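**Q** The structure that follows is given in the form of structure tokens.
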Amino acid sequence: MDDPSPRRRKFCSKKLWIELNHTASIKGSTGMLKRTILSFMWVVIGACLSADVALAAMRLPIGCKKNVFLTITGKIDKITNTADGTYEMSEGEFLALPTSTVTTSTPWTPKSDFAGPLLTRILQEVAAKGSKLRLVALDDFSVEVDSAYLGKYGTILANSKDGVRLTVRDFGPIFVMYPRDSFRKELDTPFGASHMVWQLCGIVVE
């Protein structure tokens, strides 16, 4: 039987939702068009997140590990697994880090209070040396970004929304988040949205 995951990833890709959101926000778009696009996004994104649960159970993308809350690899000086040079951060270790809160909406969620450790704190924890990061998600989506760009806006790795822990079915367990509403000109763009990675499972420091 053919593997359906490539077709599912194409349909459920974050890039697709970013473009749909951009279309809905174009000046001059009719109210009906906006409502139709946004309604379509909300309905299908739920199905995509549910499908990601099954996909993650079958296999993990390169850069992530089974039973590891967050895998960090690449140009780092501190490692926990000498066999492959990675830092395997447990859920307990992640939750023990100081927490910051970002109140914002996203292209996929209404305005909410997202909480989690600062990305810069995570990078300090592993003594990261690179200037670029590749963010890897459970659904095999990945994106490269300058670490300074994310640090500039106080990016957090959110593990809760409005006081409730995020799950794989609800953008979790980790959702890359920054104050999009406070920097609309800089962050409320398709480029900015592409870095708000949900279901984060790995960071490659380059």
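**Q** Does any residue of the range 145-164 turn out to be buried (at least 16 other Cβ atoms within 10 Å of the Cβ), of a type in the set (Asp, Glu) and either part of a helix (DSSP H, G or I) or on the phi > 0 side of the Ramachandran plot (or both)?
**A** no
**Q** Could you please give the count of residues in the range 178-206 that are more than 16 Å from PHE141 (Cβ to Cβ) and within 13 Å of the chain's Cα centre (by Cα)? Outline the logic, then answer.
**A** As a first pass, look at the range 178-206 and keep what is more than 16 Å from PHE141 (Cβ to Cβ): 178-189, 205-206.
Checking the rest, the ones that are also within 13 Å of the chain's Cα centre (by Cα) come to 178.
Residues flagged as more than 16 Å from PHE141 (Cβ to Cβ) and within 13 Å of the chain's Cα centre (by Cα) within the range 178-206 amount to 1.
**Q** Please identify the pairs in which a residue from the range 96-113 that is on the phi < 0 side of the Ramachandran plot has its Cβ atom under 6 Å from the Cβ atom of a residue that is small (Gly, Ala, Ser) and surrounded by fewer than 18 Cβ atoms within 10 Å (Cβ to Cβ), counting only partners at least 6 apart or on another chain.
**A** So the pair list comes out as LYS111/SER105.
Residues are listed down the side, and each one gets a yes or a no for (1) loosely packed, with under 13 Cβ neighbours inside 10 Å; (2) hydrophobic (A, V, I, L, M, F, W, C); (3) within 16 Å of the chain's Cα centre (by Cα):
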site: PRO61; (1), (2), (3): no, no, yes
site: ASP84; (1), (2), (3): yes, no, no
site: TYR87; (1), (2), (3): no, no, no
site: THR99; (1), (2), (3): no, no, no
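**Q** Could I ask something else about it? Being closer than 17 Å to ASP139 by Cβ and in contact with a strand residue (DSSP E or B) (Cβ under 8 Å, 6 or more places away or on another chain) is the filter here; which residues of the range 159-177 pass it?
**A** We begin by selecting, within the range 159-177, every residue closer than 17 Å to ASP139 by Cβ; these are 166-176.
If the condition is that a residue be closer than 17 Å to ASP139 by Cβ and in contact with a strand residue (DSSP E or B) (Cβ under 8 Å, 6 or more places away or on another chain), then LEU166, ASP170, PHE171, GLY172, PRO173, ILE174, PHE175, VAL176 are the ones that fit.
**Q** Considering only the range 80-95, state which residues are without any contact (Cβ under 8 Å) to a residue 12 or more places away in the chain and part of a loop (DSSP other than H, G, I, E, B).
**A** If the condition is that a residue be without any contact (Cβ under 8 Å) to a residue 12 or more places away in the chain and part of a loop (DSSP other than H, G, I, E, B), then THR80, THR82, ALA83, ASP84 are the ones that fit.
**Q** Go through (1) assigned to a loop (DSSP other than H, G, I, E, B); (2) touching a helix residue (DSSP H, G or I) at 6+ places or on another chain (Cβ under 8 Å); (3) of a type in the set (A, V, I, L, M) and name the single condition LEU133 misses.
**A** Here LEU133 clears every test but (1).
**Q** Report, by residue number, each residue of the range 188-206 that is touching a residue at least 24 places away in the same chain (Cβ under 8 Å), in a helix (DSSP H, G or I) and surrounded by fewer than 19 Cβ atoms within 10 Å (Cβ to Cβ).
**A** If the condition is that a residue be touching a residue at least 24 places away in the same chain (Cβ under 8 Å), in a helix (DSSP H, G or I) and surrounded by fewer than 19 Cβ atoms within 10 Å (Cβ to Cβ), then PRO190 is the only one that fits.
**Q** Within the range 66-82, track down each residue that is modelled with pLDDT of 95 or more and of a type in the set (D, E, K, R).
**A** LYS75, ASP77, LYS78
**Q** Still on this structure: Among the residues of the range 105-116, count how many are crowded, with 20+ Cβ neighbours inside 10 Å and either assigned to a loop (DSSP other than H, G, I, E, B) or touching a Pro at 6+ places or on another chain (Cβ under 7 Å) (or both).
**A** 2
**Q** Check VAL102, VAL176 and return the single one that is modelled with pLDDT of 95 or more, over 18 Å from PHE69 (Cα atoms) and either part of a helix (DSSP H, G or I) or not small (Gly, Ala, Ser) (or both).
**A** So the residue among VAL102, VAL176 that is modelled with pLDDT of 95 or more, over 18 Å from PHE69 (Cα atoms) and either part of a helix (DSSP H, G or I) or not small (Gly, Ala, Ser) (or both) is VAL102.
**Q** Now for a different question. Among the candidates LYS132, LYS185, which residue alone is surrounded by fewer than 20 Cβ atoms within 10 Å (Cβ to Cβ) and without any contact (Cβ under 8 Å) to a residue 12 or more places away in the chain?
**A** When all the criteria are applied, what remains is LYS185.
**Q** Looking at this structure, is LYS75 in contact (Cβ under 8 Å) with a residue 60 or more places away in the chain and among the basic types (Lys, Arg)?
**A** So LYS75 fits the description; yes.
The values are calculated or read from the model by the stated rules, or taken from the named source; none is laboratory data. On a predicted model such as this, the values are computed, not experimentally measured, just so you know. Cβ atoms come from the backbone with ideal geometry, glycine included; neighbour counts cover every protein chain shown.
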